[in-house]
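Report on the following structure.
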Amino acid sequence: MARAAITAYPMPLGAHTADPTPDAIDAANGMVLTAQNASRVLFRIKNTFAGAKDITIKAGAHPPASVPADNLQSYAQNAVKWVWASPGARHSQLTGDIYVDFAASTTGEITAFIVPLGV
């Protein structure tokens, strides 16, 4: 199955009024963020499953990732975490995409904020 797309939002700089609409987690297929032209990505992830679940920002391919490494974190029920991803350093696939995997039956939401190159 193809990974579900994660919507990318620009990182708010200064005051902002509207919260972006998060994407529903697709645990069965995993998800992908197209992160070309991003220096950093900040994910906001919420687990709504009735129990703890592991969520992994996958290691990238080398190259383009200079030091590929998974970022695995455990999320308690209703926990919200903010997690940085480094497209060039650790998490870029050959296409420049970032993959996010979820433990089976994970439910919740994910939002991606992009910090553009040069910022």
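The values are calculated or read from the model by the stated rules, or taken from the named source; none is laboratory data. For clarity, every value in this text was computed on a predicted model and none was experimentally measured. FYI the Cβ positions are ideal-geometry reconstructions off the backbone, even for glycines, and counts take in every protein chain you see.
Among the residues of segment 23-45, those that are closer than 17 Å to V115 by Cα and either of a type outside the set (A, V, I, L, M, F, W, C) or touching a Leu at 6+ places or on another chain (Cβ under 6 Å) (or both) comprise T34, Q36, N37, S39, R40, R44. Go through the residues of segment 26-43 one by one and say whether even a single one is without any contact (Cβ under 8 Å) to a residue 40 or more places away in the chain, of a type outside the set (S, T, N, Q) and in contact with a Ser or Thr (Cβ under 8 Å, 6 or more places away or on another chain). Within segment 26-43, not a single residue is without any contact (Cβ under 8 Å) to a residue 40 or more places away in the chain, of a type outside the set (S, T, N, Q) and in contact with a Ser or Thr (Cβ under 8 Å, 6 or more places away or on another chain). Considering only residues in segment 66-100 that are in contact (Cβ under 8 Å) with a residue 24 or more places away in the chain, more than 14 Å from R44 (Cα to Cα) and among the charged types (D, E, K, R), the one that is surrounded by the most Cβ atoms within 10 Å (Cβ to Cβ) turns out to be R90.
Among residues of segment 103-119 that are exposed (fewer than 11 other Cβ atoms within 10 Å of the Cβ) and among the small types (G, A, S), those with a Cβ under 7 angstrom from a residue that is modelled with pLDDT of 85 or more and part of a loop (DSSP other than H, G, I, E, B), sequence gap 6+ or separate chain, pair up as A104/A27.
Hey, among S86, S74, S92, S105, which residue is among the hydroxyl-bearing types (S, T, Y) and under 10 Å from I55 (Cα atoms)?
Working: S86 fails: under 10 Å from I55 (Cα atoms); S92 fails: under 10 Å from I55 (Cα atoms); S105 fails: under 10 Å from I55 (Cα atoms).
The match here is S74.
At least 2 residues being among the β-branched types (V, I, T) and out of contact with any helix residue (DSSP H, G or I) (no Cβ under 6 Å at 6 or more places or on another chain) is the threshold, and among the strands (runs of 3 or more DSSP E) wholly inside segment 28-95 those reaching it are 31-34, 38-47, 53-57, 80-85.
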